[in-house]
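*Asks:* Encoded as structure tokens, here's the structure I'll be asking about.
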Amino acid sequence: MLTYLSTFPTWVAVTSVALGATCACAAILWALLRTGIAWRLATDIPNDRSLHVAPTPRVGGWGIVPVAVAATLLLAPSLWYAALGTAFLAAISQIDDRRGLPARVRFTAHLIAVIGLVALFPADAPWWTLVILAFLMIWLVNLYNFMDGADGLAGGMALFGFAGYAAGALLSDHPSLELASSATAVSGAALGFLLFNFHPARIFLGDAGSISLGFLAGALGYWGWRGGVWPVWFPILVFAPFIADASITLARRLLRGEKFWQAHREHYYQRMVRSGIGHARTALASYVLMVAGIMLAVYALGRSVIFQSCVLAVWIAVLCAAGALVDLRWRRFQSTLSDN
């Protein structure tokens, strides 16, 4: 059975954090839009690879990051490095949003943030395990950026993903109120952003937001595993739809000899939007899939290794089936275009 740190007062406190973060993020973004500053900070201009047609401010990170960083430093001081690393990556990424930076500069910043986390807070595990986890965290930073391309998608994934972290941290056999508080603040801030980002989006996340959320997803996931709050598979299962889409798309592009860092429209979510499902229904379908995976992940905490392995196997099969359905629809869509 799970150990319930989540007493009624705890849930009230966590809910208050979420509501406060939502209101603070929404207020910041509303002010940026109202004053017109949002357009001057960074604007996304559509191109032939975009799924939108109108210029849109890329300022979501300006709402999410300050709220997430401040809440983490205040409510979860042991996670100070995660907060500072997020602020560092947000600053670098804002320069990229505004003026553009070479890929090597961006990647170096990602390396510094992730390696610093693992080096300063090593887990009691073999060095090669830490190397693998550092690589996976760097990939998570970048894949979150790759998956930020449809209205409501990345914001919704942050809302539910970090809420899943909070639930896991509270319902674990080794609960962590600090970890739950930080994750709750991020989830609440994501909801504040989503109020402006759900289709039709008035603002986009931007690299300052997506890179920061990717780092936080990896950092909090690593922190929970390091502290024995959850097993290593838990963060992977929580963000599985995001990870599967980006990883399979990357593998396909590498097999074709393409430059994976260049913008494209080959992700599953992009094919869903382009084939007629649209932004809103694509986001909602992703939410349903992610919430189901999070519920499975939380339910599996504290149970036998065999049960957890079965859950992982079942969810991998579900994601593969979902991908196959999208591929089938995409082939039919292309066939229709060619016939016309």
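Computed from the coordinates by the stated procedures, all read-outs in this text should not be read as laboratory data. Everything numeric here is computed off the predicted structure, so don't read it as measured data. We place every Cβ from the backbone using ideal geometry, glycine too, and count neighbours over all the protein chains shown.
*Asks:* Which FRET efficiency, nearest 0.05, do Val12 and Tyr299 yield, Cβ-Cβ r, R0 22 Å?
*Replies:* About 0.40, to the nearest 0.05.
*Asks:* Relative contact order for the chain using alpha-carbon pairs under 8 Å, separation at least 6, rounded to a whole percent?
*Replies:* Across the chain, relative contact order equals 24 percent.
*Asks:* To the nearest 500 deg cm²/dmol, what mean residue ellipticity at 222 nm is calculated for the chain from DSSP H runs of n ≥ 4 alone, each contributing -39,500 (n - 2.57), summed and divided by the residues?
*Replies:* Computed ellipticity for the chain at 222 nm equals -25000 deg cm²/dmol.
*Asks:* For Asp44, enumerate residues with amide H under 5 Å from its amide H, sequence gap 5+ or separate chain, H modeled in the peptide plane.
*Replies:* The answer is Thr56, Arg58.
*Asks:* Which of the trypsin sites (Lys or Arg not before Pro) found in region 237-303 are in a DSSP loop and have at most 12 neighbouring Cβ atoms, other than their own, within 10 Å?
*Replies:* Arg256, Lys259
*Asks:* Another one. Within the chain, which complete DSSP H helices have Cα atoms spanning at least 15 Å along the helix axis and a mean Kyte-Doolittle hydropathy of 1.0 or higher?
*Replies:* In the chain, the long hydrophobic H runs are 8-35, 60-75, 103-120, 127-146, 153-171, 177-197, 278-300, 305-339.
*Asks:* Let me know the shape class of region 113-185, please: from the alpha-carbon gyration tensor, a ≥ b ≥ c as square roots of the eigenvalues, rounded when a/c is under 1.5, otherwise prolate if a/b is greater than b/c, or oblate.
*Replies:* oblate
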